[in-house]
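Take a look at the structure set out below.
The values are calculated or read from the model by the stated rules, or taken from the named source; none is laboratory data. Here the structure is a predicted model, which is why all the values come from computation and not from measurement. Counting neighbours? That spans all protein chains shown, and the Cβs are built from the backbone with ideal geometry, glycine included.
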Amino acid sequence: MSTTTSPKRHRPVHQRAQIALVAAAAVMMSGCGGSSDAATPTGGAPGPAAAASQKCLRSSSLTLIIPVHQGAQAPNIPQQWQCAIESAITGAKPINIVTAEGKPQVALRNFTATISTINPVAFQDDLVAAQNTVIAAVTRARATSDGDDLLSALSLAADLSSANGADGQIMSLDNGLTDSGVIRMADAGMTGASPREVASFVTSNKACPNLMGKTVEFHGLAYGVRPQLPLAQRQKDAVSKIWPEVARICGARTTKAAALARTGAGPATNFTTRLVAPDQPPTMKVAPATNIRVGDNTAMGFEADSDKLRNPEGARDLLKQVGEQLKANPAIHLTITGSTSNGATAWPSLKALSNARAATIARLLIAMNVPSRQMTTSGAGYRGQPPVTDPATAALNRAVTLSFS
């Protein structure tokens with residue numbers, strides 16, 4: 001009686017030791033397939049765990065956007081991406097890697113791996129080797145330019161993805177705290193911009209990436225590392241809403257923003273990035289001939305095209321000192337002037353909206369027993385410069401000014 005055995009890859013002991021080291025380096029990629037025994041093929045086909053991993057990517061390609069700029073964590077692959085990457089490898093789907101910086105570059109183009117199904121050892125060896133190729137491309141990526149332009153990185157990723165089919169998946173690890181291109185979150189007021197205004201600004205500038213039919217995921221938005229200082233929660237929430245809205249308006253089939261704290265060391269680079277300033281509490285000291293402009297980046301910020309405060313309790317706390325000083329000094333008169341962005345409005349006019357915003361602040365002070373005779377309200381409508389402006393300037397005009405005399 002004869003016995004037939006499956007072909008095996010025999011290697012000297014020192015080569016097997018080298019393979020073990022490579023596998024250890026790739027352990028960060030093992031979260032999707034479970035143990036090596038569960039992921040190995042039987043009968044010439046991937047095992048149950050390998051088949052399950054392929055459910056993580058139902059697209060024709062996978063494109064990764066890796067930040068390499070100052071203020072972001074040094075490039076690596078988070079655990080949340082492991083399954084999608086393994087799925088692309090075992091499914092022979094192309095993998096692309098794009099850097100997020102002032103002028104984004106391609107770090108890996110159309111990488112596909114051939115995974116042997118001869119036996120379990122061959123399968124695992126090929127899988128680890130392919131994973132290490134992706135890991136190396138990520139960790140070796142370096143900035144070649146100043147700044148961060150995530151929108152341009154999305155455009156480059158979309159072009160690479162479209163070359164492999166219309167339904168590609170794009171996953172970004174950039175923090176979205178951009179300082180270059182059409183969307184510049186580092187501009188004053190930008191973290192107070194309406195997501196719809198930002199998306200409309202992108203389309204009006206004909207800057208939309210070709211995201212039609214694609215799945216776009218953002219991981220770690222608004223999380224920076226030194227020298228970028230931590231942002232206020234309001235700013236984090238704003239950044240996490242702006243980028244998915246831009247992807248949606250540019251045609252993405254589905255969008256997702258996943259919270260992912262990025263707190264490691266920054267990359268080794270001599271290139272610089274303009275940083276996003278954290279919110280600072282406004283000074284509310286009352287003095288004659290003093291103007292205090294309180295805009296969208298404070299507790300007294302208004303909802304877009306509305307006279308409703310986003311944080312009424314915070315606004316009351318902010319106005320408490322003003323109310324106390326007005327009651328203690330009856331000779332002081334307060335003029336409250338509302339203003340607006342220059343976007344489309346459902347109100348009769350921008351002036352009507354700005355009047356309503358001023359009245360909202362007056363009502364809060366009256367509720368603190370400030371006499372109404374000590375206050376005057378007025379509306380300035382939109383008064384920013386230039387007349388047609390970007391979302392950051394629009395947000396700065398969504399404000400009230402308190403003038404004491």
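Among the residues of the stretch 226-253, those that are of a type in the set (Gly, Ala, Ser) and not in a helix (DSSP H, G or I) comprise Ala232, Gly251, Ala252. Here's a check for you: in the stretch 368-391, which residue that is β-branched (Val, Ile, Thr) and assigned to a loop (DSSP other than H, G, I, E, B) is modelled with the lowest pLDDT? That would be Val388. Reported count of residues in the stretch 63-82, each being under 15 Å from Ala153 (Cβ atoms) and in contact with a helix residue (DSSP H, G or I) (Cβ under 6 Å, 6 or more places away or on another chain), is 4.
Checked against (1) within 30 Å of Gly379 (Cα to Cα); (2) surrounded by fewer than 21 Cβ atoms within 10 Å (Cβ to Cβ); (3) among the aliphatic types (A, V, I, L, M), Ala261 meets all criteria but (1). Among the residues examined, Thr298 does not qualify as in a loop (DSSP other than H, G, I, E, B) and at pLDDT 95 or above.
Residues checked against (1) aromatic (Phe, Trp, Tyr); (2) buried (at least 17 other Cβ atoms within 10 Å of the Cβ); (3) on the phi > 0 side of the Ramachandran plot:
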position: Trp81; (1), (2), (3): yes, yes, no
position: Lys93; (1), (2), (3): no, yes, no
position: Val121; (1), (2), (3): no, yes, no
position: Asp125; (1), (2), (3): no, yes, no
position: Gln131; (1), (2), (3): no, yes, no
position: Arg140; (1), (2), (3): no, no, no
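A single member of Leu402, Leu326, Leu319, Leu365 is closer than 16 Å to Ile292 by Cα, assigned to a strand (DSSP E or B) and either without any contact (Cβ under 8 Å) to a residue 12 or more places away in the chain or hydrophobic (A, V, I, L, M, F, W, C) (or both), and it is Leu402. Close contacts from the stretch 120-143, counting a first residue that is in contact (Cβ under 8 Å) with a residue 12 or more places away in the chain and a second that is surrounded by fewer than 16 Cβ atoms within 10 Å (Cβ to Cβ) and of a type in the set (Asp, Glu), with Cβ to Cβ under 8 Å and a gap of 6+ residues or different chains, come to Pro120/Asp37.
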